[in-house]
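Below: the structure, in structure tokens.
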Amino acid sequence: MFGITAYGAYIPRTRLSKAAIADANDWFDPSLRGLAKGERSVCNWDEDTITMAVEAGQDCLSTLDAGSVNTLYLASTTLPFLDRQNSVVVSQALNLGDQLRTMDVAASQRAGTSALITMLEFGPGGSGNALLVASEHRRSKCGSRAEMLWGDGAAAVGGGAEGVIAEYLGNETYVTDFVDHYRGEDSTLDYEWEERWIRDEGYMKSVPQAVSRLLEKTGVKAADIAHFVLASDQPRTPAAVAKKMGISAEALVDNHIGSVGVSGVAHPILLLTAALEKASAGDLILVTGFGQGTDAVLFRATDKIKGKQPKTGFAGALSRRREDANYNRFLSFNNLVEREVGKRGEMDKQSYLAAMYRRKDLLTGFVGGKCRSCGTIQIPKENYCVNPECGELDSQDDYPMSAIQGRVKTWTADRLTFDWNPPAYFGMVEFEGGGRLMMDFTEVEPGSIDTGVPVSVHFRIRQFDNQRGFRKYFWKATPAQQ
């Protein structure tokens, strides 16, 4: 038996009120008021496709041995690097080692399901597991329909032959160059076509083509589908497609347009994690991905489905939220306005690639050291043990610390240091079991940080090198109670 062995999800904590978007744009387009129900997920300024992929991957690995992963796929149309393999950055942040296959999958909204099919058809390359992460940080024009209906998010699934929670039954793909939207090489925002055309000529024809072929091949009846995933920012379209194919309305997996927004490439995989959370043994799960055709993938939940719930999962990621009504901050975080950053913000932040490579274990993997002689843990890992009673040379083994909680030892809120969301919070963090490090804090609510407050660490953007088109990542601390 081969299929899904684990899953995980990540939704940015900030949720922007859609009413705030409508209020800001009402002077120009009052029709947006009709879409102003609920909220949408929004990346913090230091989050992007890579950082969300790491979060989703970590959640998936909470029930999957990282040492068993020998293949990693990263699917997205918003990858921050065009000529640097983004999946390698994710693999090193997840500490997956250096003996695995990595691949970026892009250029279509069905990149997530296409990568899922590739993972299931080709497997992990022997024993072990493959890991698929789909992540999307979506940008749209100010005051657009897309701005109201889209959101940011990521999801991950593991694939293998042991501990299968959803058996893979088959797939079909219908390919056609139907252009519902596009983004050219010199563009940063999508150009979209008319909704009714997309519905009638796209979803209503393309999805049934792929699904009917799959059901015929597997001998499954449409009425037997228990969970049907069709990601779309058109609220009524999934139900219309399901009715046309004979799939019950109760099987539709909610797109969560009013609580998250549609997260592009990540959304079919994100909704798959939601379906896996609710599925019972024997349930049939149909996942589709739409974009220049349709992918259709069929699973059957096994009796192990309830025993492998991830640490956070879709429901946990959905409930972990912070309300925000600051539309201007959203525009700034998404680089949709040119903000005055002051002289400190203009400082050259050249990236020294050689130094970054030499310290990649610390910078990307957040790996410290544990002394073989005395057991002292320290970060960063250095040549000598920091224990004054030991001081051994070259005695430290690698000690990954990204999953270890810490506590605030000292902290500062600084409005002189430049930060995209002032004030800049930073201070000393002391980790459970040992190790101290000066760190930046992120997503800090006023009054939530103090000495002794527990923190968790998260992979984030530390600086933008805008002159050279580079971004530097490191780990930041976040108050755990958030």
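The values are calculated or read from the model by the stated rules, or taken from the named source; none is laboratory data. Bear in mind the structure is a predicted one, so any value in this text is a computation, not a measurement. Cβ coordinates were reconstructed from backbone atoms using ideal geometry, including for glycine residues, and neighbour counts include every protein chain displayed. The accessibility values were calculated without ligands, DNA or RNA, using every heavy atom of the protein model including side chains. Shrake-Rupley method; radii C 1.70, N 1.55, O 1.52, S 1.80 Å.
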Contact list please: Cβ distance under 8 Å, first residue in the stretch 346-358 and closer than 17 Å to residue 419 by Cβ and touching a residue at least 24 places away in the same chain (Cβ under 8 Å), second residue assigned to a loop (DSSP other than H, G, I, E, B) and open to solvent by less than 100 Å² (accessible area, probe 1.4 Å), pairs at least six apart or on different chains. 347/418
Residue list for the stretch 10-27, filter: in contact with a strand residue (DSSP E or B) (Cβ under 7 Å, 6 or more places away or on another chain) and either acidic (Asp, Glu) or in a helix (DSSP H, G or I) (or both): 18
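From the list 163, 126, 97, exactly one residue is of a type in the set (Gly, Ala, Ser), open to solvent by 10 Å² or more (accessible area, probe 1.4 Å) and without any contact (Cβ under 8 Å) to a residue 40 or more places away in the chain. Which is it?
On the way: 163 fails: without any contact (Cβ under 8 Å) to a residue 40 or more places away in the chain; 126 fails: without any contact (Cβ under 8 Å) to a residue 40 or more places away in the chain.
Criteria check complete, one pass: 97.
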Filtering helices (runs of 4 or more DSSP H) wholly in the stretch 333-407 for at least 1 residues that are surrounded by fewer than 12 Cβ atoms within 10 Å (Cβ to Cβ) and of a type in the set (Phe, Trp, Tyr) gives 353-358
(1) among the aliphatic types (A, V, I, L, M); (2) in a loop (DSSP other than H, G, I, E, B); (3) buried (at least 21 other Cβ atoms within 10 Å of the Cβ): which one isn't true of residue 154, the others all being true? (2)
Given the condition closer than 30 Å to residue 336 by Cβ, under 33 Å from the mean Cα position of the chain (by Cα) and among the acidic types (Asp, Glu), answer yes or no: does some residue in the stretch 406-426 qualify? yes
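Name the residues in the stretch 28-61 that are more than 30 Å from residue 425 (Cα to Cα) and in a helix (DSSP H, G or I), would you? Explain how you work it out, then say what you get.
If we filter the stretch 28-61 for residues that are more than 30 Å from residue 425 (Cα to Cα), which is where we start, we get 28-38.
The answer is 30, 31, 32, 33, 34, 35.
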Within the stretch 429-462, how many residues are in a strand (DSSP E or B) and either open to solvent by 50 Å² or more (accessible area, probe 1.4 Å) or touching a Gly at 6+ places or on another chain (Cβ under 6 Å) (or both)? 7
Please enumerate the residues belonging to the stretch 319-332 that are in a helix (DSSP H, G or I) and open to solvent by 40 Å² or more (accessible area, probe 1.4 Å). 319, 328, 329
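Filter the stretch 413-425 down to residues that are free of Cβ contacts under 8 Å to residues at least 40 places away in the same chain, open to solvent by 60 Å² or more (accessible area, probe 1.4 Å) and not basic (Lys, Arg), then give me how many there are. Show your work before the answer.
Residues of the stretch 413-425 that are free of Cβ contacts under 8 Å to residues at least 40 places away in the same chain, as a first pass: 413-415, 419, 422-425.
If we keep only those that are open to solvent by 60 Å² or more (accessible area, probe 1.4 Å) as well, we get 415, 422.
Pick out the ones that are also not basic (Lys, Arg) and you get 422.
Result for the stretch 413-425: 1.
Kindly check whether there is at least one residue in the stretch 240-256 that is of a type in the set (Lys, Arg) and assigned to a loop (DSSP other than H, G, I, E, B).
Taking the stretch 240-256 first, the residues of a type in the set (Lys, Arg) are 243-244.
Then drop every residue that is not assigned to a loop (DSSP other than H, G, I, E, B), which leaves none.
No, every residue in the stretch 240-256 fails to be of a type in the set (Lys, Arg) and assigned to a loop (DSSP other than H, G, I, E, B).
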Can you find a residue that is open to solvent by 10 Å² or more (accessible area, probe 1.4 Å), in a loop (DSSP other than H, G, I, E, B) and of a type in the set (Lys, Arg) anywhere in the stretch 143-151? no
How about the stretch 285-314: which of its residues are surrounded by fewer than 22 Cβ atoms within 10 Å (Cβ to Cβ), in a strand (DSSP E or B) and in contact with a helix residue (DSSP H, G or I) (Cβ under 9 Å, 6 or more places away or on another chain)? 293
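It is to be established whether one or more residues within the stretch 134-156 are under 21 Å from the mean Cα position of the chain (by Cα) and basic (Lys, Arg).
Step one: list which residues in the stretch 134-156 are under 21 Å from the mean Cα position of the chain (by Cα), which gives 134-140, 146-156.
Imposing the further condition that a residue be basic (Lys, Arg) reduces the set to 138-139.
Looking for residues that are under 21 Å from the mean Cα position of the chain (by Cα) and basic (Lys, Arg), one finds at least one in the stretch 134-156, hence yes.
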